[in-house]
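To keep things clear, I will list the structure first and then write my remarks on it.
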Amino acid sequence: MGLPLAYKILEAHLVSGKLGPGAEIEIRIDQTLTQDATGTLTMLEFEALKKDRVEVELAVSYVDHNTLQIGFENMDDHIYLKSAAARFGIVFSKPGNGICHQVHLERFGLPGKTLIGSDSHTPTAGGLGMLALGVGGLSVAAAMAGNPYTLTCPRVMGIYLSGRLGPWVSAKDVILEVLRRIGVKGGVGSILEYFGPGAANLSVPERATIANMGAETGATSSIFPADEMTLDWLNRQGRNTGVEHLAADEDADYHEVMEIDLSEIAPLVALPSSPDNVVNVADVEGEEVRQVAIGSCTNSSFRDLSVVAEVLRGGSVHPDVSLSISPGSRQVVMMLADSGRLGEIIGAGARLLEPACNGCIGMGSAPATGIASVRTFNRNFPGRSGTRDDRVFLTSPETAAATALTGRVTDPRSLGDFPEIETPETFPRDDSMLIFPPLDGAGVEVIRGPNIQPLPLKEPLPENLAGEVLIKVGHHVSTDHIMPAGAKVLPLRSNVPAICRFVFQGLDPSFPERCEELEGGFVVAGENYGQGSSREHAALAPMHLGVKAVLALSFARIHRANLINFGILPLTFRFREDYEKLDAGDKIELPGVKKRLAEDLDIEVSNLTKNESYLLNMDAGPRELEILLDGGLLNHLSAKSR
């Protein structure tokens, strides 16, 4: 049997291991990207590896998250990133140039290449036929230093697309349909590979939307073939790369196949407060809405915002609605201006924000108390918007624009004929806000403001672990729950001692203080712990506070890797009922944990409070065990280099 496209790219980049679900493999990385919310820490980690220059084909440092400068911290970080990029050979994208995933798609992405990024939506580039993975920043730093990336080889879920999207139905509805079918953990351990005649009918921006939001299923990545549509789009970007078509073998052997007829999809909406809480828009039509936000790395392309402009043309935003628009890049802004559509958007009463992540990460646009907020973003976890008791609905740009006009959730099919959006023959190319590094950066001074604090490290794993269960949480706890985003917290990303004060702020504000009083302890969690963002601060900050292990029913992929990278044991219960027995405040011991890990034995947990014991699994590869025994990836790489 033949290979899926994902396996063909993995095979071409394989450094060690053998392709097959569950096997530990190492792959060569061609490109890396970071963004400023995770990039400052990634750069500190790269510096700790004592390299003079990055050792990948391309590394790009984007500023797109912390663009709101309400204090010195964010701009200090940006100056640090700019100087470090010049010093170590990294392309620097200035604030205002655009969202990392949109700009990377436009200017750098290449079919068949591997890309890892310190942002969970890095798989956006899968819309170009790249194998792109969201990972923790420390993994990106290690790749920039020339190390292969280690992962558990995923299975490949083929998603066969047939037909064409109907009027007023878009790519956002396709990925919402996937989420409706498989949920926020149905993609765990898998790459979602789209193929079939329906895939050929989707443009690159549409494919990128679907690949982007595949992250919400827990998937390792998402990928489309590189075909005539792909090459045409690259040519219009002025990037005739010479890349040939890339696709799965005709007899590709997928581990599972899902079939979707695009012509049968209706406009969909994810209700509060999970991306998989999906129903037809028609089912909630009429719900009163007071805020609409259009943009994010999921839906901010020229195609998406052109549709919005055409819906708004000659109309006016409802008097009770605040409509904000966040274009994905300067290129998108220029194209909207050249086509006259920017004027339609502004003339209708929308608020035009800069090309950045903005409200998607709680950086502004927090909704008012009790109102419904309709957004084209990718996540609607509770409180992510910046308002604790928010009510966020996720929709397509078509549905969002129709809703902005009426003040109520509106099925866009009621608007009449769908506007035709023609793709320009050429896209404007202005790379003046991309700063390319000098050939030799040895003489460049790396500038550090007072917000850039030294990177904390962990000691090697001791023979035994003991302490108190500091907190017990339920299922699907996201990294937003563990380490919030937003304008108050994000500026502290390069200052770990300061950001530690916000760990579990929304669930238990006393958590940091109790960690210090008890000299650390343990976290107990349910299913899919750590879903969502790649933010490694959700592992690093608990490590700094003294968290020794997380005992959970299951983990999200990126967060599990981040825990290992920072020396925190991610342990899973062998028996589900044991999760129910453990409570916050219980005093527990893990006797001989170091020896049991080294010998690949189950981990025994003694509950001293209740006089009970439980068995947990570590289910880790040899490299992961070495990292944990050394106290984290930085310690491990430093030991290897000696």
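Quick look at the values:
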item	result
Value of relative contact order over region 300-365, rounded to a whole percent, pairs C-alpha under 8 Å and six or more apart	41
Evaluated over region 357-457, the Cα radius of gyration and Dmax, each in Å	21.5, 62
Bridge type composition, region 268-411 - antiparallel percent by DSSP, nearest 5	30
At R0 = 30 Å, FRET efficiency that the Cβ-Cβ distance of Asp430 and Glu57 yields, to 0.05	0.80
Long-range amide H partners of Glu24 with built H, under 5 Å	Cys153
Stokes-Einstein D for region 113-168, Kirkwood Rh over Cα pairs, 37 °C, 0.692 mPa s (µm²/s)	246
In Hz, Karplus ³J(HN,Hα) per residue of region 593-606 (6.51, -1.76, 1.60; θ = phi - 60°; x = Gly, Pro)	5, 5, 5, 5, 5, 4, 9, 6, 9, 4, 9, 8, 10, 9
Global size of region 160-310 as Cα Rg and Dmax, reported in angstrom	16.0, 51
Spatial separation of Cα centroids for region 527-606 and region 248-268, in angstrom	36
Cα centroid separation, region 77-102 to region 342-394 (Å)	25
Residue range of the chain that is longest and free of GluC sites (Glu not before Pro) which are both DSSP loop and sparsely packed (at most 15 other C-beta within 10 Å)	58-243
Square roots of 5 times each gyration tensor eigenvalue, C-alpha, region 5-264, largest first, Å	30, 21, 17
Region 26-63 versus region 424-503: alpha-carbon centroid distance in Å	13
Ratio of the Cα radius of gyration of region 218-306 to 2.2 N^0.38 Å, where N counts its residues	1.50
Under 16 Å from the Cα of Lys185 - aspartates and glutamates, other chains or at least 8 residues apart	Glu177, Glu216, Glu256, Asp276, Glu527
Table column - 3J(HN,Hα) (Hz), region 365-378, Karplus curve with 6.51, -1.76, 1.60, x for Gly and Pro	6, 5, x, 6, 4, x, 8, 8, 10, 9, 9, 8, 7, 10
Hydrodynamic radius of region 465-641 per Kirkwood, over alpha carbon pairs, in Å	16.2
Over 20 Å (Cα to Cα) - which of Lys8/Lys172; Lys50/Lys458; Lys50/Lys595; Lys50/Lys640; Lys581/Lys610 fall in this group	Lys8/Lys172; Lys50/Lys595
Relative contact order of the chain, defined on C-alpha pairs under 8 angstrom at six or more residues apart (%)	15
Nearest-ten-degree value, helix 36-48 long axis tilted from longest Cα axis of the chain	40
Percent antiparallel among DSSP beta bridges (both partners in the chain, rounded to 5)	35
Over region 219-326, relative contact order from alpha-carbon pairs under 8 Å, at least 6 apart, %	18
Value at 222 nm in deg cm²/dmol, rounded to 500, when DSSP H runs of n ≥ 4 in the chain each add -39,500 (n - 2.57)	-8500 deg cm²/dmol
All aspartates and glutamates inside 20 Å of Lys51 as judged from Cα atoms, apart from same-chain residues fewer than 8 positions distant	Asp30, Asp440, Glu445
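Bear in mind these aren't lab numbers, they're just calculated from the coordinates by the rules spelled out. All of these numbers come straight from a predicted model, not from anything done at the bench. Using ideal geometry, Cβ is built from the backbone for each residue, glycine included, and neighbour counts are taken over all protein chains shown.
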